[in-house]
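*Asks:* This is the structure I have questions about; it appears just below.
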Amino acid sequence: MFSKEEAQRIKREFWIAFAEKYPRKWLLYDTKIKDFSLKFNVDNKKAEVMISIENRDDEKRYAYFDKLLSLKTILLEEHLPDAIFEKDVYLENKTISKIWVEKSGISVNNRATWDDIFDFFNEQMSALEYFFYEFEDFIKDI
């Protein structure tokens, strides 16, 4: 078990090492859609690459999610065959919608799995960005 400070240091070293291995600018929050972002997430059990729709207005959040749902076949067949779609994800202080892929059996605290996580992040986020850019105008038009 790590102290809070040690866990923060390890996470910081992880993200620095990832940026060194894949030194590029990721799209992430720069989608030009309010509360709609592409994200990386890693903890001590799994890594995720996702589209996160966090608009507090359920009607808008659902409209964006439904747009993505209408593209589900294309996303699964051409970009991310293991993508999971979830309309309502309940977090501590809000409900979001997300589409994600995950890799389990890894840990941010285990440096031996870092290269696997980095490669997973690079491959999956590149595919997700390509999908977003391909359908950006359609997604934005709600």
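The values are calculated or read from the model by the stated rules, or taken from the named source; none is laboratory data. On a predicted model such as this, the values are computed, not experimentally measured, just so you know. Heads up, the Cβs are rebuilt from the backbone with ideal geometry, glycines too, and the neighbour counts pull from every protein chain shown.
*Asks:* I'd like the residue in segment 81-121 that is in contact with a helix residue (DSSP H, G or I) (Cβ under 8 Å, 6 or more places away or on another chain) and among the polar types (S, T, N, Q) and, out of all such residues, is surrounded by the fewest Cβ atoms within 10 Å (Cβ to Cβ).
*Replies:* Applying the filter and picking the extreme gives Thr95.
*Asks:* Please go through (1) without any contact (Cβ under 8 Å) to a residue 24 or more places away in the chain; (2) within 26 Å of Tyr130 (Cα to Cα); (3) small (Gly, Ala, Ser) for Ala112 and return the number of the only condition it doesn't satisfy.
*Replies:* That leaves (2) as the condition not met.
*Asks:* When you go through Lys11, Lys25, Lys72 one by one, which is the residue that is farther than 17 Å from Ile139 by Cα and free of Cβ contacts under 8 Å to residues at least 24 places away in the same chain?
*Replies:* Criteria check complete, one pass: Lys25.
*Asks:* Kindly establish whether Leu128 is part of a strand (DSSP E or B), in contact with a strand residue (DSSP E or B) (Cβ under 9 Å, 6 or more places away or on another chain), under 26 Å from Arg12 (Cα atoms) and not aromatic (Phe, Trp, Tyr). Walk me through it before giving the result.
*Replies:* Numbers: part of a strand (DSSP E or B): no; in contact with a strand residue (DSSP E or B) (Cβ under 9 Å, 6 or more places away or on another chain): yes; under 26 Å from Arg12 (Cα atoms): yes; not aromatic (Phe, Trp, Tyr): yes.
No, not satisfied.
*Asks:* Go through (1) over 19 Å from Tyr133 (Cβ atoms); (2) modelled with pLDDT of 95 or more; (3) in contact with a strand residue (DSSP E or B) (Cβ under 9 Å, 6 or more places away or on another chain); (4) not hydrophobic (A, V, I, L, M, F, W, C) one by one and return the number of the condition Arg56 breaks.
*Replies:* (2)
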